[in-house]
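Read the structure below first, then the notes.
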Amino acid sequence: MTTAEYLGVPEPELAASGALHTAREIEQQPRMLAQTHALLSQLRERIEAFVGPVARDPAARIILTGAGTSAYIGQCLAPLLDRQLAARVDAVPTTDIVSCPRLYVDPDRPLLLVSFGRSGNSPESLAAVELAEALVPGVRHLLVTCNPDGALGRVAARQAMTLQLPEETHDASFAMTSSFSCMMYATLAALAGVEALDARIAAVADAMARVIADARPALQELALRGFDRVVYLGSGPFQGLAREACLKLGELSNGAVATCFDSPLGFRHGPKTFVTDRTLVVVFVSGDATTRRYDQDLVDELRQDGCAARVIEVTAHPRPQAARDTLAVPGMAAARDVELLWPYVAVAQLYAFFASRALGLSPDNPNVQGTVNRVVQGVRIHPLAD
């Protein structure tokens, strides 16, 4: 009988080291993307009827919201969706809505609140829905969740639609991986139109699968180098992705690796002092020709400085002169940046996974102290003051 492997490691070894859930959930993502697309295709008419009146209204607002990794879904998608839809699209974490509701929620504008929840049980997610209900007449809620038993999918709202994703996306690991990628895809399909993705889903899923398979050895080698600082940089939607990459590494290393994120242009304005001779810098390079020049300028500058231990460019447009320090995404040279989000995030997830194992931690539960939890604890929700 052949022993199953995930990320090149036999299943019994992963189970014994507390890494099985994380490895399986990273590797399953291309398949889960295809399933999510099929689900959204079946629901396309219902979704359009629910979100269309807000999305087509120039006076309306769409807020993409969640906490932690779920918040970064919104930060990746908001600038892209804001260009496509008539409504204004913003990414506002639930943690900001709950603490400063009147700063972020406008009672005088029609609102679609898009809430993300892997478990659907985060107290801020539930409180954000309740605050929007209290403050905005006629608010609509699109609830994107991975847990069929979560509270988010059962909220008491006047106008709500739940996108219940395949149960396998309800990651059992401490860190969100397939839940992030599939909730992000479902939201893009729901708001931009699933039919716009029909011709591209196979290429996106294939590119992600090839990165998971082909970039694995290089990322494992980098993780074994023991960098004590890692910088993730990206322009446009990739700045949100850089933030998610930092969180993933921070979670799976249990804080042992210091992280920093920024845009390539912004990095020169002070944050560049973070770089030492034990720092790995990873740049998510844009597919846009103009933006890519700025990204590559910063990559070349950092290499010429000679201060960082390694500078890696993740790109669909590999440069022959930088082959040693390039993680190439094959077959995506004509892709839009939104399509690169999925293969690019696989790089960050893989590096965090291998870094966790190199540190002797269990990726499925790296924080043995229990100071942070899979579903946040210790949050006290206060009533809305007059």
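The values are calculated or read from the model by the stated rules, or taken from the named source; none is laboratory data. Model, not experiment: these values are computed from the prediction. As a convention, Cβ positions derive from the backbone with ideal geometry for all residues, glycine included, and neighbour counts pool all protein chains shown.
Restricting attention to segment 208-233, the residues that are without any contact (Cβ under 8 Å) to a residue 12 or more places away in the chain and hydrophobic (A, V, I, L, M, F, W, C) total 1. Would you confirm whether any residue within segment 127-146 is in a helix (DSSP H, G or I) and under 18 Å from the mean Cα position of the chain (by Cα)? Checked against the condition, which is being in a helix (DSSP H, G or I) and under 18 Å from the mean Cα position of the chain (by Cα), segment 127-146 yields no hits at all. When segment 152-168 is filtered for residues that are at pLDDT 95 or above, outside any loop (DSSP other than H, G, I, E, B) and aliphatic (A, V, I, L, M), the ones remaining, listed by number, are 161, 163. Count of segment 297-316 residues, restricted to those that are part of a strand (DSSP E or B) and touching a strand residue (DSSP E or B) at 6+ places or on another chain (Cβ under 6 Å), is 5. When 96, 149, 171 are screened for being within 26 Å of residue 243 (Cβ to Cβ), assigned to a loop (DSSP other than H, G, I, E, B) and within 24 Å of the chain's Cα centre (by Cα), only 171 passes. Check segment 88-98 and report whether any residue there is closer than 22 Å to residue 173 by Cα, in contact with an Asp or Glu (Cβ under 6 Å, 6 or more places away or on another chain) and touching a residue at least 60 places away in the same chain (Cβ under 8 Å). No; the residues of segment 88-98 include none that is closer than 22 Å to residue 173 by Cα, in contact with an Asp or Glu (Cβ under 6 Å, 6 or more places away or on another chain) and touching a residue at least 60 places away in the same chain (Cβ under 8 Å).
Any chance you could count how many residues in segment 339-386 are among the β-branched types (Val, Ile, Thr) and either under 14 Å from residue 175 (Cα atoms) or modelled with pLDDT of 85 or more (or both)? Summing the residues that are among the β-branched types (Val, Ile, Thr) and either under 14 Å from residue 175 (Cα atoms) or modelled with pLDDT of 85 or more (or both) in segment 339-386 gives 6.
Taking segment 293-335 as the range and being closer than 19 Å to residue 263 by Cβ and modelled with pLDDT under 95 as the test, no residue passes.
Out of everything in segment 76-93 that is under 18 Å from the mean Cα position of the chain (by Cα) and more than 18 Å from residue 189 (Cβ to Cβ), what residue ends up being surrounded by the fewest Cβ atoms within 10 Å (Cβ to Cβ)? Among residues in segment 76-93 that are under 18 Å from the mean Cα position of the chain (by Cα) and more than 18 Å from residue 189 (Cβ to Cβ), the one surrounded by the fewest Cβ atoms within 10 Å (Cβ to Cβ) is 90. Restricting segment 339-367 to residues that are in contact (Cβ under 8 Å) with a residue 60 or more places away in the chain and in a loop (DSSP other than H, G, I, E, B), which is surrounded by the most Cβ atoms within 10 Å (Cβ to Cβ)? Of everything passing the filter in segment 339-367, 363 is surrounded by the most Cβ atoms within 10 Å (Cβ to Cβ). Provide a single number: the residues in segment 301-315 that are free of Cβ contacts under 8 Å to residues at least 40 places away in the same chain and either exposed (fewer than 15 other Cβ atoms within 10 Å of the Cβ) or under 25 Å from the mean Cα position of the chain (by Cα) (or both). Within segment 301-315, residues that are free of Cβ contacts under 8 Å to residues at least 40 places away in the same chain and either exposed (fewer than 15 other Cβ atoms within 10 Å of the Cβ) or under 25 Å from the mean Cα position of the chain (by Cα) (or both) number 8. Scanning segment 9-23 for residues that are under 15 Å from residue 365 (Cβ atoms) and not polar (S, T, N, Q) turns up 14, 15, 16, 18, 19, 20, 21, 23. Identification of helices (runs of 4 or more DSSP H) wholly contained in segment 1-47 with 1 or more residues that are within 20 Å of the chain's Cα centre (by Cα) and under 20 Å from residue 253 (Cβ atoms) yields 20-27. Is it true that residue 238 is in contact (Cβ under 8 Å) with a residue 24 or more places away in the chain, of a type in the set (Phe, Trp, Tyr) and out of contact with any Ser or Thr (no Cβ under 9 Å at 6 or more places or on another chain)? So residue 238 does not fit the description; no.
Conditions (1) modelled with pLDDT under 95; (2) touching a His at 6+ places or on another chain (Cβ under 6 Å); (3) buried (at least 22 other Cβ atoms within 10 Å of the Cβ); (4) of a type in the set (S, T, N, Q), marked per residue:
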{"position": "19", "(1), (2), (3), (4)": "no, no, yes, no"}
{"position": "28", "(1), (2), (3), (4)": "no, no, no, yes"}
{"position": "32", "(1), (2), (3), (4)": "no, no, yes, no"}
{"position": "43", "(1), (2), (3), (4)": "no, no, no, no"}
{"position": "57", "(1), (2), (3), (4)": "no, no, no, no"}
{"position": "62", "(1), (2), (3), (4)": "no, no, yes, no"}
{"position": "73", "(1), (2), (3), (4)": "no, no, yes, no"}
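Going by what's in this entry, would residue 370 be described as exposed (fewer than 12 other Cβ atoms within 10 Å of the Cβ) and within 13 Å of residue 17 (Cα to Cα)? Judged against the criteria, residue 370 is not a match.
This table checks each residue for (1) out of contact with any Leu (no Cβ under 8 Å at 6 or more places or on another chain); (2) of a type in the set (S, T, N, Q); (3) under 21 Å from residue 179 (Cα atoms).
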| position | (1), (2), (3) |
| --- | --- |
| 43 | no, no, yes |
| 47 | no, no, yes |
| 50 | no, no, no |
| 56 | no, no, no |
| 69 | no, yes, yes |
| 77 | no, no, yes |
| 85 | no, no, no |
